[in-house]
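Report on one structure; see the data block that follows.
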Amino acid sequence: MNPGRLRSLCLSFNAAVEDFPFSPEITVFKVCGKMFALSWIDAEPLKVNLKCDPDDAVRLRGEYPGLITPGYHMNKRHWNTVDLTGGLPDRLVRELVEDSYDLVVAGLPRAERLRLDRA
């Protein structure tokens with residue numbers, strides 16, 4: 001995974017946008033104004049913070065120690081930091097990003113979810 005592929009993946013989801021609310025160095029991907037991914041996209045090593053079900057978060061950290069860790073500067077119960085330097089299968093990374101997006105969409109008001117379904 002490289003910065004361009006991460007950006008393309010995050011923006012491939014319905015109504016996903018890229019934003020820089022904290023600084024020009026911190027890329028935030030949002031859906032309907034809610035963050036589902038955050039990355040210092042030009043930093044080495046490339047990492048991304050992703051929302052995660054709390055039970056899955058703990059399981060993933062145990063399965064991939066050092067590569068999936070509690071979310072840096074985030075609620076550690078609901079967010080993981082994922083190292084994208086090549087130790088994880090691309091399929092897993094795609095699933096983690098999609099799961100993060102889906103969790104955020106599930107928390108949106110019903111009217112917004114319906115709008116996303118129609119778009």
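Scanning region 25-35 for residues that are hydroxyl-bearing (Ser, Thr, Tyr) and either in a loop (DSSP other than H, G, I, E, B) or exposed (fewer than 14 other Cβ atoms within 10 Å of the Cβ) (or both) yields a count of 0. Screening His73 on (1) buried (at least 17 other Cβ atoms within 10 Å of the Cβ); (2) at positive phi shows it passes everything except condition (1). Filtered by the rule that a residue be touching a helix residue (DSSP H, G or I) at 6+ places or on another chain (Cβ under 8 Å), more than 14 Å from Gly87 (Cα to Cα) and not in a loop (DSSP other than H, G, I, E, B), region 49-69 gives Leu50, Lys51, Asp56. Of the residues screened, Leu38 is one that is part of a strand (DSSP E or B) and closer than 28 Å to Arg115 by Cα.
Only one of Val17, Val31 is over 17 Å from Trp79 (Cβ atoms), β-branched (Val, Ile, Thr) and modelled with pLDDT of 95 or more; which? When all the criteria are applied, what remains is Val17.
Are any residues in region 82-118 without any contact (Cβ under 8 Å) to a residue 24 or more places away in the chain and of a type in the set (A, V, I, L, M), and if so, which ones? Leu92, Ala106, Ala111, Leu114, listed by residue number.
Checking Val17 against (1) outside any strand (DSSP E or B); (2) more than 12 Å from the chain's Cα centre (by Cα); (3) on the phi < 0 side of the Ramachandran plot: exactly one of these is not met. Which one? For Val17, the failing item is (1). Would it be correct to say that Leu88 is within 14 Å of the chain's Cα centre (by Cα), within 20 Å of Pro3 (Cβ to Cβ) and either at pLDDT 95 or above or outside any helix (DSSP H, G or I) (or both)? So Leu88 fails the test. Residues of region 76-119 that are farther than 13 Å from Cys10 by Cβ, aliphatic (A, V, I, L, M) and surrounded by 12 or more Cβ atoms within 10 Å (Cβ to Cβ): Leu88, Leu92, Leu103, Val105, Leu108, Leu116.
The values are calculated or read from the model by the stated rules, or taken from the named source; none is laboratory data. What you see is a predicted model, and the numbers here were worked out from it, not measured in a lab. Quick reminder, even Gly has a Cβ in these numbers, built from the backbone with ideal geometry, and neighbours come from all protein chains shown.
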